[in-house]
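Chemist: Below is a structure I'd like to ask you about.
The values are calculated or read from the model by the stated rules, or taken from the named source; none is laboratory data. Computed from a predicted model, the values in this text were never measured in an experiment. Cβ placement follows ideal geometry from the backbone for every residue including glycine, while neighbour counts extend to all protein chains displayed. To get the accessible areas, we keep the full protein, side chains included, count just its heavy atoms, and leave off ligands, DNA and RNA. Shrake-Rupley method; radii C 1.70, N 1.55, O 1.52, S 1.80 Å.
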Amino acid sequence: MEKMKIAVLAGGKSTERNVSLSSGSKITNALRSKGYDATMIDLFLGYELEKGQNVEDIFKTSNTSTDYEINDDVLTDADIEKLRTDGTVGLFGKNVLRILQAADFVFLALHGGDGENGKVQAVLDLNNIKYTGSGSLASGIAMDKAISKEIMLYNDIKTAKFSVLHEEDGIHPQLDFGYPMVVKPNNGGSSIGTRIVHDDKELAESLSDAYRFDDEIIVEEFITGREFSLGVVNGEAMPAIEIVVNDGWYDYEHKFQTGSTTQFITPPNIDEDVHSEMKRVAVQTMAVLGMTNYGRVDFLTNETGVYVIEANNLPGMTPLSLLPQEAEAAGISYEDLCESIVLGKQKLYKQLEK
């Protein structure tokens, strides 16, 4: 039987570019270990074909590196633009679409920005290219924190009170909840541009910083409680992982830096009713947002209930990411997780073709 050719699409042009490259490299190697002809392609930088080289040959080499460092530097558009030197313009780099069309399947290892907001998915849909994760509409909805929270509230899913702000609202907006608050870009991930604020001065500083990453900001009521993450793969909820940070909170540095003070615990001391409720709400949240195949839902829990922080339609797959750890707690290896994502989405496509 001929091996399936899989293009792992990573990199791109978002602030989470380096996170994506780390995910993509690990996914590619995992799929190759399972017998697939997988290769990683950088969405933004593209691939330079050698003279006379057949596109099919690309899938015979892994095209990955093990040295994708995720440092604390937040990449700007200008930083990423400097990486491209071939004179091409647009999000899709040289030969990218051609390579994706030659693949049997595309594993989306993109994070943030245009990789998660549905734009890339729409291009793939228009070119009849099959890919992992949610479709273009659901991706856009999940990426927009305000819209997704409105849908959650409509479906009686608890989430923090919030307001959406724009620059014209000023640095001292009128809000119907008090400090502390959480300030974050409305469209973004990995906690980039996100801060917890305690007074007017911190709010003004945080808004100024967040507007560097988005022209729409969401300010949320701060909810005290235990923080959990719970993945859903092909309709099945994974075990919850509690996030415990001894120093500060679960920000960008704690998410991706080895040796940080973050501890990941599959909690033995969680009430089973609460655990079951998180699993139920995670599956429900993905359903009402239209998400399919796989995703991750983040929670805060306290004596008043289970609150959804947000849903992630393309969760990280780096060595320190949550979903792989949750799968491992369920007895699923990283390699099996990657394969199940591919096979699960293949099954969805076949059901749609009937």
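Chemist: Working carefully through the options V164, V182, find the one that is at pLDDT 85 or above and under 26 Å from N18 (Cα atoms).
Modeler: From the options V164, V182, the qualifying one is V182.
Chemist: Here is a follow-up. Working only within region 200-216, note down all residues that are of a type in the set (D, E, K, R) and touching a Leu at 6+ places or on another chain (Cβ under 9 Å). Lay out the reasoning, then the answer.
Modeler: Residues of region 200-216 of a type in the set (D, E, K, R): 200-202, 205, 209, 212, 214-216.
E216, the sole residue that qualifies.
Chemist: Quick one: K130 ticks every box in (1) open to solvent by 50 Å² or more (accessible area, probe 1.4 Å); (2) over 14 Å from N293 (Cβ atoms); (3) in contact (Cβ under 8 Å) with a residue 60 or more places away in the chain; (4) of a type outside the set (F, W, Y) except a single one, so which number is it?
Modeler: Status for K130: all satisfied but (2).
Chemist: For region 225-268, which residues satisfy the criterion of being modelled with pLDDT of 90 or more and either among the β-branched types (V, I, T) or in a loop (DSSP other than H, G, I, E, B) (or both)?
Modeler: Correct list: G225, V232, V233, N234, G235, M238, P239, A240, I241.
Chemist: What is the number of the single condition among (1) within 21 Å of the chain's Cα centre (by Cα); (2) modelled with pLDDT under 85; (3) crowded, with 16+ Cβ neighbours inside 10 Å that V219 does not meet?
Modeler: (2)
Chemist: Within region 102-129, which residues are assigned to a helix (DSSP H, G or I) and either of a type in the set (F, W, Y) or over 19 Å from E50 (Cβ atoms) (or both)?
Modeler: Correct list: G113, D114, G115, E116, K119, V120, Q121, A122, V123, L124, D125, L126.
Chemist: Output the residues belonging to region 81-101 that are at negative phi and in a loop (DSSP other than H, G, I, E, B).
Modeler: Once the filter is applied, which keeps residues that are at negative phi and in a loop (DSSP other than H, G, I, E, B), region 81-101 yields K82, L83, R84, T85, D86, T88, V89, L91, F92, G93, K94.
Chemist: Let me ask something else. Residues of region 300-335 being part of a helix (DSSP H, G or I) and touching a residue at least 40 places away in the same chain (Cβ under 8 Å), which ones?
Modeler: Initially, region 300-335 is screened for residues part of a helix (DSSP H, G or I), giving 322-329, 334-335.
Once the filter is applied, which keeps residues that are part of a helix (DSSP H, G or I) and touching a residue at least 40 places away in the same chain (Cβ under 8 Å), region 300-335 yields L322, L323, Q325, E326, A327, A329, Y334, E335.
Chemist: Might you check whether a residue that is assigned to a loop (DSSP other than H, G, I, E, B) and without any contact (Cβ under 8 Å) to a residue 40 or more places away in the chain occurs anywhere in region 146-168?
Modeler: yes
Chemist: Quick check: anything in region 9-25 surrounded by fewer than 19 Cβ atoms within 10 Å (Cβ to Cβ), modelled with pLDDT under 85 and in a loop (DSSP other than H, G, I, E, B)?
Modeler: Scanning region 9-25, I find no residue that is surrounded by fewer than 19 Cβ atoms within 10 Å (Cβ to Cβ), modelled with pLDDT under 85 and in a loop (DSSP other than H, G, I, E, B), so the answer is no.
Chemist: Tally up the residues in region 327-342 that are more than 17 Å from N29 (Cα to Cα) and out of contact with any Phe, Trp or Tyr (no Cβ under 9 Å at 6 or more places or on another chain), please.
Modeler: 3
Chemist: Could you pull out the residue among I309, I265, I341 that is under 21 Å from V182 (Cβ atoms) and not hydroxyl-bearing (S, T, Y)?
Modeler: Exactly one of I309, I265, I341 is under 21 Å from V182 (Cβ atoms) and not hydroxyl-bearing (S, T, Y), namely I309.
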